[in-house]
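Have a look at the structure below before the remarks.
What follows is calculated from the coordinates using simple rules that are stated; it is not laboratory data. These figures come from a predicted structure and were not determined experimentally. Positions of Cβ are backbone-derived with ideal geometry, glycine not excepted, and every protein chain shown enters the neighbour counts.
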Amino acid sequence: MKILVVEDHPDLGELVCLELNKAGFVTDLARSAAAAAACQRLHDYDALILDLGLPDTDGMDVLKERSMQAKDDIPCLILTARDDLASRVNALNFGADDYILKPFDMPELEARLRAVLRRSGPKADPRLRFGDLSFSPQNRLLEAGTEDTILARREAVLIETLIKAAPRVVIKDHLEETLYGMDENASSNAVEALISRTRRKLKSLQSHCKIETMHGVGYRLSN
């Protein structure tokens with residue numbers, strides 16, 4: 001899943017992104033409301049982590065604008081030092097899904113992020129299925145028949161994207177945007193190398209599913 005972190009404090013923003021990356025998320029960091037708006041025009045995100053004290057506008061104004069846009073269904077978690085009751089109430093009334101005060105512990109932030117993502121996602125079964133594959137995004141467990149394996153972070157993002165789209169083709173450019181944050185420099189063959197590693201994982205599970213290369217277009221999962 002891809003998360004947009006809007007935080008003007010450079011060290012804190014980079015720390016949040018680093019820890020969320022370790023937890024299996026793909027992140028982009030925006031240090032102003034304008035940068036956040038530009039990111040959202042270019043990419044689709046699964047959730048927004050928003051600081052209220054931004055250099056170019058108040059984060060509360062970002063919430064107000066968001067409530068009038070089509071993307072207001074994306075979960076939004078406020079991360080701020082404002083501990084007054086009015087700020088908490090206003091943020092929730094303007095559509096925030098949760099409100100966390102600084103200083104905070106990363107395990108709590110991650111847990112609350114996963115909680116709002118669960119509330120916004122499918123209610124019935126958190127696992128994704130295609131063919132003989134069953135995948136749990138939360139713990140990155142991929143199963144086929146009686147075999148299972150824990151995927152590396154980007155392998156998990158790849159499988160999640162392909163299963164959700166299957167059997168449709170995922171355009172390579174879209175896949176690169178999903179797999180890598182804007183600050184990450186992916187080499188020209190990074191996606192191909194990742195596809196190759198994930199194919200080996202599928203083979204080790206003795207799965208009937210295959211990742212097909214659609215030359216000049218992208219990739220798809222076939223059964």
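Along the axis of the charge dipole computed for the chain (Cβ charges of +1 for Lys and Arg, -1 for Asp and Glu, origin at the Cα centre), the listed residues V62, T146, T161 are led at the positive end by T146. Applying 1/(1 + (r/R0)^6) with r as the Cβ-Cβ distance of N139 and A111 and R0 = 22 angstrom yields a FRET efficiency of 0.95.
Considering the zone a paramagnetic label at A152 would reach in this model (a point 7 Å from Cα along the Cα-to-Cβ line), which residues of segment 192-220 have amide N under 15 Å from it? Residues 192-202 fall inside that zone. Entry note: the chain has Rg to Rh equal to 1.00, where both radii use alpha-carbon atoms and Rh is the Kirkwood radius. Under a model in which nothing but the beta-carbon of Lys, Arg (+1) and Asp, Glu (-1) is charged, the chain shows a dipole of about 1100 debye around its Cα centre.
Rounded to the nearest 0.05, what FRET efficiency do S196 and E19 give with R0 = 41 Å and r taken as the Cβ-Cβ distance? Could you check? Efficiency, rounded to the nearest 0.05: 0.90. Of the options G131, V191, L101, report the single residue whose Cα projects farthest towards the positive end of the charge dipole of segment 72-223 (beta-carbon charges: Lys, Arg +1; Asp, Glu -1). Going by the charge dipole, the pick is G131. Protection proxy ranking for 194-200, 81-87, using the average of other Cβ atoms within 10 Å per residue and placing the highest first: 194-200, 81-87. If you wrap segment 128-222 in the convex hull of its Cα atoms and look at it from every side, the mean projected area works out to 5.7 nm².
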